[in-house]
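Everything on this sheet refers to the single structure shown next.
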Amino acid sequence: MDLILDSAEKLFVEKGFANTSINDIAEAADFSRTSIYQYFSGKEEIYLRILERHTGLLTRNVIKATADVATVPEKIRAFLGEMRRMIRERPSFFTLYFIERHQVEPRLSPELRTRLNAERRVLENVFRDFYRRGIEKGEVRDIGVKDASNLFFAQITGMMLLHEYYEEEFDVTLDEHLEKSLQLYLEFVEKVV
């Protein structure tokens, strides 16, 4: 099954989701079309399983990286550090999750859409849980846990998308922009004592 997922991931990145067929995936994985359907209901489920694999890895890495970090600002920095590492080590995840997702999501059955959003929520809840504790400890401003999370993810993913589409227009790297975005975010949320 991993061979199917790996082959499909490569094709989705190279050709795009819409331009990749089950036949393409079967050929790349050296499976028959019929065999693919023994494992998956269609390419939408294959796409979802690829994202589940990567999102699960990212979530486990974030939990591990933030577990022994003392303050919420340090946890936020570690969280972003894991996102940055994922971008470097698995650039296809970013492409599939943020670039191709708009093509895929409308095609998903309600069940698959629920699964896709559940994976996202698990990661968001890691952030929200430690932000909530930071409010209780007086480390960060109470702007609302959900708003704090949405602002963080919007700022970071927005910067990644800008670099994906307009990288040649910037005189700084994505890492430099992410660091500046993080600094601005932390200046906004850190509670001044």
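For this structure, a couple of remarks:
- Residue within region 118-133 that is in a helix (DSSP H, G or I) and hydroxyl-bearing (Ser, Thr, Tyr) present: yes
- For region 121-162, a residue qualifies if it is more than 20 Å from Phe93 (Cα to Cα) and open to solvent by less than 30 Å² (accessible area, probe 1.4 Å), and the qualifying residues are Phe130, Tyr131, Gly134, Gly138, Val140, Gly144, Val145, Ala148, Ser149.
- The residues of region 90-118 that are within 13 Å of the chain's Cα centre (by Cα) and open to solvent by 50 Å² or more (accessible area, probe 1.4 Å), listed by number, are Arg90, Pro91, Phe98.
- Hits in region 61-77 (condition: open to solvent by 20 Å² or more (accessible area, probe 1.4 Å) and among the aliphatic types (A, V, I, L, M)): Ile63, Ala65, Ala67, Val69, Ala70
- Check on Tyr47, of a type in the set (Phe, Trp, Tyr) and open to solvent by 80 Å² or more (accessible area, probe 1.4 Å): no
A quick yes/no check of all residues on (1) without any contact (Cβ under 8 Å) to a residue 24 or more places away in the chain; (2) under 22 Å from the mean Cα position of the chain (by Cα):
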position	(1), (2)
Leu5	no, yes
Lys15	yes, yes
Ala28	yes, no
Phe31	no, no
Ser35	yes, no
Phe40	no, no
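- Tabulated pairs, region 65-91, first without any contact (Cβ under 8 Å) to a residue 40 or more places away in the chain, second open to solvent by less than 70 Å² (accessible area, probe 1.4 Å) and acidic (Asp, Glu), C-beta under 8 angstrom, 6+ apart or interchain: Ala65/Glu82
- Residue in region 98-107 that is under 30 Å from Glu190 (Cα atoms) and in a helix (DSSP H, G or I) present: yes
The values are calculated or read from the model by the stated rules, or taken from the named source; none is laboratory data. Computed from a prediction, not measured in an experiment: that's the story for all the values here. We place every Cβ from the backbone using ideal geometry, glycine too, and count neighbours over all the protein chains shown. Please note that ligands, DNA and RNA were not included when accessible areas were found on the heavy atoms of the full protein model with its side chains. Shrake-Rupley method; radii C 1.70, N 1.55, O 1.52, S 1.80 Å.
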